[in-house]
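Below: one structure, written as structure tokens.
A short reminder: the numbers here are calculations on the coordinates, not readings from a lab. All of these numbers come straight from a predicted model, not from anything done at the bench.
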Amino acid sequence: MKTRIMAHLGHVEAEGVKGNIVEAGLVSEKDIAVNDNKVVVSVNVPGDFMGDLARLKAEIETRLTTNLPEIESLLVVLTAESGGGVQVQAPPPKLRKAPAPNPGVPGPDMRPAQSAIPGIKHIVAVASGKGGVGKSTTAVNIAATLAAMGFKVGLLDADIYGPSIPRLLDITERPEIRNERVVPIKKYGMKVMSMGFLMDEEAPVIWRGPMVVSALMQMTREVDWGELDFLILDMPPGTGDAQLTMAQQTPLSGAVIVSTPQDLALVDARKGLKMFKDVDVPILGIIENMSTFICPHCGESSDIFGHGGAEADARRLGVMFLGAVPLHMAIRETSDAGKPCIVAAPDGPHADGYKKIALKVATLLGEGDPVDDD
Ligand SMILES: Nc1ncnc2c1ncn2[C@@H]1O[C@H](COP(=O)(O)OP(=O)(O)OP(=O)(O)O)[C@@H](O)[C@H]1O
């Protein structure tokens, strides 16, 4: 299949580039991943490319899908090199090995792979099928809790559509660059990096014109993370091309799906599960966020959205249920004030809930004490 794909790519030309994209070295066999009939092609466009990227992508897609109808799904990713400063170098996409017999249920005999990034043991994606379900709040709380438990933790905000980690952790400073590497900002015992640090107009330009996926690769690989037990990745919400590529190209040990109890969110959550399964990333489990509503005045709990949907769904889908986090004013107030629960109220009930979830995540990755999934 790869040879035939290469043959067809040999007919594609890019504006201002001499010869076709294969002759020009923009794509080679190592940039093509094939799993069953799902194909990912990564084309490395020169940083100073002035042509129409959308047209180039469309031309590649049309040529491949027309000539190779056996291709079931095709993802063409254009990666770029920055014009200067830190180099953006997307690694060749690699499909992970064929799914294990019981994909998505990592257990004692099926430890997810360790991260392929030197110094980082596990990269864990926190994802959601749709926006606004509390994914970033959950990612921050899991990361801060793991750090409070004594693990070495990094938190990478890859939510390019609305980076909220700077706000959730009340970080206003800019990362430094030392020896051509970006130094993450230290907060609450974690090392933090966010797209939000780069998006302020007044911020120094650290990356010039790289595309989203390349920027994420750079943030994962080129940031000076040092030694980490966990790098928690706050993914952009949804299951579009950018998310799929991130799931594909980042050496993830596993993914955690955050969902609210509403049916719609669960339908979306299933899409999230499917996306990770398609690229063979083990699903560590589902977290039900905004589960029961706890009244800040009387403390009574009400199942506004129909609590339990995510738990039942997790069972049906054969993935672990990691826990339910209630909809509580204290969670919104503390996280919006820049403090995760473990910092704002380390002995409170919410910190306790996040501790159980974080411990399950650590255990599933072989880093904690075994826990019962009750
Ligand atoms: N369990 C909870 N209880 C109360 N408020 C919550 C809870 N979880 C999240 N929130 C609040 O809901 C809002 C959205 O949360 P958050 O930004 O984490 O969602 P998200 O899924 O990451 O959103 P986006 O899709 O925009 O990135 C925030 O104001 C947050 O404080």
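Can you run phi through the Karplus equation (6.51, -1.76, 1.60; θ = phi - 60°) for segment 236-245 and list ³J(HN,Hα) in whole Hz, with x for Gly and Pro?
Once θ is set to phi - 60°, the couplings for segment 236-245 become x, x, x, 10, x, 4, 4, 5, 4, 5 Hz.
For Lys38, go through the lysines and keep the ones whose alpha-carbon is under 20 Å away, minus same-chain ones fewer than eight residues off.
Within the straight-line limit of under 20 Å, Lys38 reaches these lysines: Lys2, Lys30, Lys57, Lys94, Lys97, Lys271, Lys274, Lys277.
Taking amide H positions as placed 1.01 Å from N in the peptide plane, with prolines and chain starts having none, which residues 5 or more places from Gly154, or on another chain, fall under 5 Å of its amide H?
It is Lys191, Phe230, Leu231, Ile232, by chain and number.
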